[in-house]
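Participant: Structure incoming, see below.
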Amino acid sequence: VNKGAGVHAVTKALGLKQNQVICVGDAHNDLAMIEYAKLGVAMENATEGLKSVADYITHSNQHDGVAHVINKFML
């Protein structure tokens, strides 16, 4: 079990498609979730390994990185 499997289960339960999913993370345990999402986002302060597989890198958690993703891709 990993975060990618969890996001997949929630996506399915909500009747969403994988191409509707955005995931944001900062550490190695977020890797499967970032790979699963249509848009996988790494925080600026994420591990280098996670940033290398992310589709987009947002601001750090100290600089409202998740809010930036919401404003850029959802609103």
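Participant: Over the chain, give the accessible area per residue in Å² for a 1.4 Å probe, as an integer.
Facilitator: On a per-residue basis, the chain sits at 63 Å².
Participant: Over the chain, how many percent of alpha carbon pairs lie in each 10 Å bin up to the one with the longest distance?
Facilitator: Whole-percent P(r) values from 0 Å outward: 22, 51, 26, 1.
Participant: Next question, about the same structure. How far is helix 3-13 tilted off the main Cα axis of the chain, in degrees rounded to 10, range 0 to 90?
Facilitator: Tilt relative to the chain: about 50 degrees.
Participant: Taking springs between alpha-carbon atoms closer than 10 angstrom, which of 12, 51, 38 fluctuates most in the Gaussian network model of the chain?
Facilitator: 12
Participant: If you take all C-alpha pairs in region 31-75, what percent of them are over 14 Å apart? Show your work: numbers first, answer last.
Facilitator: Values: 432 of 990 pairs.
The calculated P(r) of region 31-75 puts 44 percent of pairs beyond 14 Å.
Participant: Per residue of region 66-75, what does 6.51 cos²θ - 1.76 cosθ + 1.60 with θ = phi - 60° give for ³J(HN,Hα)? Whole Hz please, x for Gly and Pro, Karplus curve as stated.
Facilitator: Using θ = phi - 60°, the values come out as 5, 4, 4, 5, 4, 5, 6, 10, 10, 9 Hz.
Participant: Can you check what the net charge comes to around residue 3, using other residues whose Cβ is under 14 Å from the Cβ of residue 3 (Lys, Arg +1; Asp, Glu -1)?
Facilitator: -3
Participant: Picking from 46, 27, 13, which is most flexible by a Gaussian network model of the chain using Cα springs under 10 Å?
Facilitator: The residue that fluctuates most here is 13.
Participant: Would you mind working out the magnitude of the charge dipole of the chain relative to its Cα centre, with +1 at each Lys and Arg C-beta and -1 at each Asp and Glu C-beta, to the nearest 20 Debye? Mind showing how you got there, number by number?
Facilitator: Numbers: 6 positive and 7 negative charges, 75 e Å.
So the dipole magnitude of the chain works out to roughly 360 debye.
Participant: Dipole of the chain (Lys/Arg Cβ +1, Asp/Glu Cβ -1, origin at the Cα centre): which of 54, 73, 31 lies farthest to the positive side?
Facilitator: Sorting the options by dipole projection puts first 73.
Participant: Continuing with the same structure: Hey, in the GNM for the chain with a 10 angstrom Cα cutoff, which one of 14, 31, 39 fluctuates hardest?
Facilitator: Among 14, 31, 39, the largest mean-square fluctuation in the Gaussian network model of the chain belongs to 14.
Participant: A further question on this structure: With all protein chains present, how much of the accessible area of the chain (probe radius 1.4 Å) comes from carbon and sulfur, to the nearest whole percent?
Facilitator: After summing per-atom areas, the C and S share lands at 55 percent.
The values are calculated or read from the model by the stated rules, or taken from the named source; none is laboratory data. A quick note: this is a predicted structure, and the numbers were derived from the prediction, not measured. Here the Cβ is made from the backbone with ideal geometry for all residues, glycine too, and neighbour counts use every protein chain on show. Surface areas here come from the heavy atoms of the whole protein model, side chains and all, with no ligands, DNA or RNA. Shrake-Rupley method; radii C 1.70, N 1.55, O 1.52, S 1.80 Å.
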